[in-house]
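Below you'll find the structure, written out as structure tokens, and then a few comments.
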Amino acid sequence: MPSLLPPNAPSFGGPLSRAFGRLMLSMVGMKVGGNVPDVPKVILLGLPHTSNWDLLLAMGMKYALGLDYRWMMKKEAFFFPFGGMFKAMGGIPIDRKAAKDVVGQMEDWFAANDKAWIGITPEGTRTKVDRYKKGYLRIAYATGVPVFVVGVDAATRTLVFDQFMDLTGDFEIDNAQIREFVRSKYTGLKPENS
């Protein structure tokens, strides 16, 4: 497991929260591998998303590393008493009825933060899909923020910080390229849903 975050990565917490994260991962027999990128802004793609356990893996990784990445959630879910908990866990309330669409809201969020990492599961579901939803690409194209794959390797029980993905600006090409890259290297916790 990477012991220290690179200087440009957003961090939070301390020894207790990192121990809590390591405990979460060890309870499901997982570990973190690869190299955390040294950039202030990134879109992390957690792939493949195949199981309800993936949320536990994502939170375990976040706390074990002390890596302050965020995730989007509809603002209606941020009600008492859960709203404060979701925000503390890294949730960003998204107003799907706002004048600015989700991409516009994320442009504002990235612009307002010096260090801004967001985690996205582009399948949009835990079941098998033929293609990923393209919202992550719309955000990447609009903000110029790079896309980085964190793969779920069920065979080695590792969450792998893998690599940046080169984007062409073409939705179909980029989406297919990323999906093929993930399918060639990673199998989620439920392989039948990959």
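Quick look at the values:
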| read-out | value |
| --- | --- |
| Cα centre as origin, Lys/Arg/Asp/Glu Cβ charges: the range 24-81 dipole, Debye | 100 debye |
| Unsatisfied cross-links (Cα-Cα over 24 Å) in the set 115/185; 41/133; 41/97; 31/133; 31/74; 41/134 | 115/185; 41/97; 31/133; 31/74 |
| Charge dipole of the chain about the Cα centre (unit charges at C-beta), most positive-ward option of 173, 58, 121 | 58 |
| Residue-averaged 222 nm ellipticity for the chain, from DSSP H runs of 4+ at -39500 (n - 2.57), nearest 500 | -10500 deg cm²/dmol |
| Length-normalised contact order of the chain in % [C-alpha pairs under 8 Å, at least 6 apart] | 29 percent |
| Separation in nanometres of the label points that stand 7 Å from Cα toward Cβ, at residue 77 and residue 97 | 1.9 nm |
| Added length on full extension, which subtracts the Cα-Cα distance from 0.36 nm per residue, residue 16 to residue 173 | 52.2 nm |
| 15 Å Cα-Cα reach of residue 62 towards aspartates and glutamates, excluding residues that sit fewer than 8 places from it in its own chain | 54 |
| Where labels lie 7 Å past Cα in the beta-carbon direction, separation of residue 87 and residue 134 in nm | 3.5 nm |
| Given charges at Cβ of Lys, Arg, Asp, Glu: the range 15-189 dipole, positive-most of 148, 93, 47 | 93 |
| Test item: Cα-centred dipole of the range 15-189, Lys/Arg +1 and Asp/Glu -1 on Cβ, debye | 560 debye |
| Charge dipole of the range 15-189 about the Cα centre (unit charges at C-beta), most positive-ward option of 32, 15, 161 | 15 |
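Values in this text are rule-based calculations from the coordinates and carry no lab data. This one's a predicted model, so the numbers in the text were calculated from it and none came from an experiment. Here Cβ is always computed from backbone atoms with ideal geometry, including for glycine, and neighbour counts include all displayed protein chains.
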